[in-house]
Structure formats: structure tokens, C-alpha cells
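The values are calculated or read from the model by the stated rules, or taken from the named source; none is laboratory data. Quick caveat, the model's predicted, so the values are computed rather than measured. Methodologically, a virtual Cβ is constructed for each residue, glycine included, from the backbone with ideal geometry; neighbour enumeration extends over all protein chains shown.
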Amino acid sequence: MIRSRMNAVTLLTLCVLGFVMPRLISAGSSAIVVKDLEGKSRTFFSETNASAKALVFIFVLTDCPVSNSYVPELKRLSQAFPQIEFYRVYADPEVTARDARQHSKEYDFGFPGLLDPEQQLVRKSGATRTPEAVVFSPNGNLLYRGRIDDRYVDFGKKRAQPGHRDLKDALDAILKNEPAHSPDQPPIGCYIPTKEKSGL
């Protein structure tokens, strides 16, 4: 009788583990780990980001004049939304940590920089240009992807002041638990090189 009960308990335990483990593995596999400019590993889309209302990733290139020109606006936005975590992602898979740190000294964004040599964040977000803003929920649901604002009419042509502050409006909506609307037009900026095109 005792052995029969033990066998039943063992079978039940195996069934529960068989049901739960694939979900745990699936949840863990969705996390992305990259390094910041100081070499520290950062994990995203896991319990480590649970306290943030949302995660904003700004994709940049060190030599893109458009993304560099947005530094003051991005710094202002990060300060205006303390409940939201901001990160800039060096999207070029060939950029070195040294070059990224030098760029960080020259352009003070006011929030952490990340290296993405395997372009995990680029692929996850679907970003194609810099500066492109992509907003996720802490568990990895896409909330917004698009331009910061409509200041640039074309490459090298911009308005004195933007007419639409798309990223700000999106973040305001997210904080109100409302859907954020992405603009129909892609951002004006520099194309992100892919690993295939860079020969890696």
C-alpha cells in the first residue's frame, strides 16, 4: 500500500514537472543578455525589469549625425519619465566597447549604453534605422516602435521645432495604461548595418 502511494506521488510529481518545466524554459529563453559599456551583463525581459513601467531602447550609431543631434531631447525625456527605464543601444555589430565609451563621453545621453554585437535587441525590436525608439513592457511585449518626433523632414533637413512628439505621446499613453500609437512613417536617420552586411 505504501509503495503504491509512493508510486502515485512520484507519477503525479513527474506529470506536474512535465507540465511546468517547458513553460519555465520558454520564459527563460525569451530573456536577452547584453553587456553595458562597463562590461556588466544586463538581462532584459525577465524578473530583473519587473519594477519598471516600460523599457525604452534608443538605437544609435556613433557616426550618425541624426541620432547624435537628439541627445538633448532624449536626455530630457529620460528625466521626464523616471518610472520608465531608458537605454541606448549601439546597433552596429562591429562597434567596439572603446569606441562606444568614447562616443558616450562626447555625447551625454544621461542613461546607460548597451553593446549589441549579436544584434539580439535589433532583431527583437525590428529596428532598422537610428535613432529609432522601441518601447517594450518588462516582459517583452512591444508597445511602440518609431521615431522620437517629426523634427526631421528628410536626411539633412529638419524643422526648428517638431510638430509631433511621438515618443513622448507614446510614453504618456503607456503610463495611463492606454495603447501607444506608432507613426505610419519610419524614422529619418541612418540605416542599421546587419551582421550579414558587415561580413560577420
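For the range 93-139, the set of residues classified as β-branched (Val, Ile, Thr) and over 17 Å from ILE58 (Cβ atoms) consists of THR96 only. Scanning the range 75-92 for residues that are touching a Gly at 6+ places or on another chain (Cβ under 9 Å) and within 23 Å of PRO179 (Cβ to Cβ) gives SER78, PHE86, TYR87. Filtering the range 114-136 for residues that are among the aromatic types (Phe, Trp, Tyr) and within 18 Å of GLY189 (Cα to Cα) leaves an empty set. Filtering the range 79-92 to residues that are buried (at least 20 other Cβ atoms within 10 Å of the Cβ) and not in a strand (DSSP E or B) leaves ALA91, ASP92. The set of residues from the range 137-165 being over 12 Å from PRO186 (Cα atoms) and among the charged types (D, E, K, R) comprises ARG151, LYS157, LYS158, ARG159, ARG165.
Could you tell me which residue of the range 93-112 is surrounded by the fewest Cβ atoms within 10 Å (Cβ to Cβ), considering only residues that are of a type in the set (Asp, Glu) and not in a loop (DSSP other than H, G, I, E, B)? If you could, list the steps in order and put the result at the bottom.
Step one: filter the range 93-112 for residues of a type in the set (Asp, Glu), giving 94, 99, 106, 108.
Subsequent filtering for residues that are not in a loop (DSSP other than H, G, I, E, B) retains 99, 106.
Details: ASP99: 14, GLU106: 10.
Among those that are of a type in the set (Asp, Glu) and not in a loop (DSSP other than H, G, I, E, B), it is GLU106.
A Cβ distance below 7 Å, combined with a sequence gap of six or more or placement on separate chains, defines the contacts here; from the range 66-81, residues that are in the same structural domain as ASP172 (by TED's automatic domain parsing) reach residues that are assigned to a helix (DSSP H, G or I) and of a type in the set (A, V, I, L, M, F, W, C) in the pairs LEU77/LEU167; PHE81/LEU171.
Among the residues of the range 45-78, those identified as modelled with pLDDT of 95 or more, in contact with a helix residue (DSSP H, G or I) (Cβ under 7 Å, 6 or more places away or on another chain) and assigned to a loop (DSSP other than H, G, I, E, B) are ALA54, LEU61, THR62. For the range 167-183, a residue qualifies if it is at pLDDT 95 or above and touching an Asp or Glu at 6+ places or on another chain (Cβ under 8 Å), and the qualifying residues are LEU167, LYS168. Scanning the range 13-20 for residues that are out of contact with any Pro (no Cβ under 7 Å at 6 or more places or on another chain), at pLDDT below 95, surrounded by 12 or more Cβ atoms within 10 Å (Cβ to Cβ) and in a helix (DSSP H, G or I) turns up nothing.
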